[in-house]
Amino acid sequence: MKNILVISNKAPFDKMHIRESLDTCLIFAAIEQNISWLFKDDAVLALKSGYNLSNSGLKDFFKTLKTLEIYDVEQVYVCAESLKKYALTCDDLSIEITPLSLEEQQSLITKQDHTVVLS
């Protein structure tokens, strides 16, 4: 089993980067890899609770974020600095998530066999 970290750093509605990251996490989880997912920069906005996409014409993948544990994606992190940038706290987020400092993020990255950043 490999340790794989998926890093999301794009806004949730920017060409569906978050959806692609979600799909990547689920694919790796399906082949029984140890998956971690880190949200940083504008991607933290995907975690904010209260989105309503019913009038947007976009598929509501935000609901799927709440089911990550079912797919064995249990290590989900958020950049603490990015939360501050958007004046968010963990209580403002739609899922339970672990905030990491920049130093903790670097430590997480060094423990991985592979790191995936979709652009």
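The residue that is least open to solvent (accessible area, probe 1.4 Å), counting only those in the range 85-119 that are among the charged types (D, E, K, R) and within 17 Å of Asn34 (Cα to Cα), is Asp113. Put simply, of Ser21, Ser56 the only residue that is at pLDDT below 85 and either over 18 Å from Gln105 (Cβ atoms) or open to solvent by less than 20 Å² (accessible area, probe 1.4 Å) (or both) is Ser56. Scan the range 100-119 for residues that are in contact with a Leu (Cβ under 6 Å, 6 or more places away or on another chain) and within 13 Å of Ser8 (Cα to Cα) and the total you get is 1. For the range 75-84, does any single residue satisfy the condition of being surrounded by fewer than 19 Cβ atoms within 10 Å (Cβ to Cβ) and modelled with pLDDT under 95? Yes, the conditions are met somewhere in the range 75-84. On the basis of being farther than 21 Å from Leu108 by Cα and modelled with pLDDT of 80 or more, does Leu45 make the cut? Taking the combined requirement at face value, the residue satisfies it.
With respect to (1) open to solvent by less than 50 Å² (accessible area, probe 1.4 Å); (2) modelled with pLDDT of 85 or more; (3) out of contact with any Cys (no Cβ under 8 Å at 6 or more places or on another chain), the lone exception for Leu65 is condition (2).
The values are calculated or read from the model by the stated rules, or taken from the named source; none is laboratory data. Just so it is clear, the structure is predicted and the values come from calculations on it, not from any experiment. Don't worry about glycine lacking a Cβ; one is built from the backbone with ideal geometry, like all the others, and counts go over all protein chains shown. Remember, those area values only see protein heavy atoms, side chains included, never the ligands or the DNA or RNA. Shrake-Rupley method; radii C 1.70, N 1.55, O 1.52, S 1.80 Å.
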